[in-house]
Amino acid sequence: MKKLFVLILLISSINVFSQKNIFDTLTIDSTTKIIGRYPQYDKTKTYKKYNFIIEDSIEITKFIQNIKLGEEIPNSSERPAFRITVVKNFKEEGTWTINPTQKSVMTHDGHTYKFDLNQITNLNEKYPFGYYYEEVIFKSPEEYQKYLTIQKNNPNFLFDYAPNFKYEGSFEIEFKKSNKFSSPKAISEFLYPYIDKIVEKDKYRVTYTLNEKNMRNNGKSYTMTITGPKCIYEKLKIKKHKNENWQPTIEDGWFFYRK
């Protein structure tokens with residue numbers, strides 16, 4: 001009978017945190033975890049004493065049934081705060097941000113409620129938890145996916161924040177200042193029709209930054225940076241102007257592990 005009860009828990013959807021949900025529904029399976037932790041940016045680990053991790057399906061259900069929120073109040077936050085997160089299949093599915101000093105919580109949908117901190121203060125004793133994270137640089141989505149697959153075989157791996165990789169890379173084009181190319185804005189508007197013939201508008205961006213080269217040229221020329229797929233670098237042809245310094249995008253991913 002107990003095995004049947006556990007099986008039902010694993011395959012059925014249940015409401016999370018009853019009246020005001022962290023998520024609308026949560027399907028509990030063998031990969032589901034509820035993690036309470038100080039945020040990784042808090043180098044002093046202010047609320048480390050509250051850290052916990054719940055992995056057993058029955059204990060997760062009890063936690064969901066017992067946690068309560070108070071009345072809704074105006075949005076507020078503090079830094080550092082504390083987080084309660086549902087992790088499933090190595091991904092964060094949603095997070096509550098606890099404000100211990102203010103005794104409030106901001107839920108995943110951006111609403112803030114009163115919160116009795118006593119509901120979580122003793123969880124560390126029963127479900128102790130420590131963690132660390134690593135930042136890893138990637139040159140391509142394929143490199144990231146290969147690394148992630150390896151981490152999933154590590155029993156201590158919890159979840160990751162994936163790199164963005166919206167753009168493949170970037171390159172530069174220099175324009176001498178003239179009546180036609182009088183400003184970065186004028187140059188951008190000149191470039192758009194050419195690039196639009198190669199890729200869609202949301203696939204690239206044209207920017208001007210006050211980097212060392214532009215500062216050195218002191219307004220006598222403008223070096224524009226075009227970010228997007230490499231086909232722009234290969235196909236864009238502007239008479240008397242050269243595409244230069246193609247740089248593949250380098251992104252970082254954050255990987256979290258239990259200690």
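The values are calculated or read from the model by the stated rules, or taken from the named source; none is laboratory data. The structure displayed is predicted, hence computed values, not measured ones. No Cβ is skipped: glycine too gets one built from the backbone with ideal geometry, and neighbour counts run over all protein chains shown. Surface areas here come from the heavy atoms of the whole protein model, side chains and all, with no ligands, DNA or RNA. Shrake-Rupley method; radii C 1.70, N 1.55, O 1.52, S 1.80 Å.
Normalised by residue number, the volume inside the convex hull of the Cα atoms of the chain is 189 Å³ per residue. Between K114 and D42, the modelled labels are 2.3 nm apart [label points 7 Å from Cα along Cα→Cβ].
With the charge dipole of the chain set up from +1 on Lys and Arg Cβ and -1 on Asp and Glu Cβ about the Cα centre, the Cα lying farthest toward the positive end among the listed residues I198, T32, Q65 is that of I198. The residues of region 105-259 expose on average 61 square angstrom of accessible surface per residue, using a 1.4 Å probe on protein heavy atoms. Between the listed residues T85, P141, N217, the Cα displaced farthest toward the positive end of the dipole of the chain, a dipole computed from Cβ unit charges relative to the Cα centre, is found at N217. Computed over the chain, relative contact order equals 19 percent, with contacts defined as Cα pairs under 8 Å that lie 6+ residues apart. Using the rule -39500 (n - 2.57) for each DSSP H run of four or more residues, divided by the residues of the chain, the 222 nm mean residue ellipticity is -6500 deg cm²/dmol. Listed by chain and number, the aspartates and glutamates whose C-alpha is less than 12 Å from the C-alpha of K240, apart from same-chain residues fewer than 8 away, are E174. For region 185-248, GluC sites (Glu not before Pro) meeting the loop criterion (DSSP other than H, G, I, E, B) and having at most 11 other Cβ atoms within 10 Å: E200. Take 100-106, 235-241 and order them by the average number of nearby Cβ atoms within 10 Å per residue, most first; the result is 100-106, 235-241.
Coupling constants for region 142-149 follow from the phi torsions by the Karplus curve (6.51 cos²θ - 1.76 cosθ + 1.60, θ = phi - 60°), and in residue order they are 5, 5, 5, 4, 5, 5, 4, 4 Hz; glycine and proline get x. Largest GNM mean-square fluctuation among Y204, Y41, Y147, using the chain with Cα springs under 10 Å: Y41. Starting from the Cα of K177, draw a straight line to each of the aspartates and glutamates and keep only those under 17 Å, dropping any in the same chain fewer than 8 residues away. Reachable aspartates and glutamates: E189. Under the convention that each Lys and Arg Cβ holds +1 and each Asp and Glu Cβ holds -1, the size of the dipole of the chain around its Cα centre is about 820 debye. Where the accessible area of the chain is counted over protein heavy atoms with a 1.4 Å probe, how much of it, in %, is carbon and sulfur? That share works out to 51 percent.
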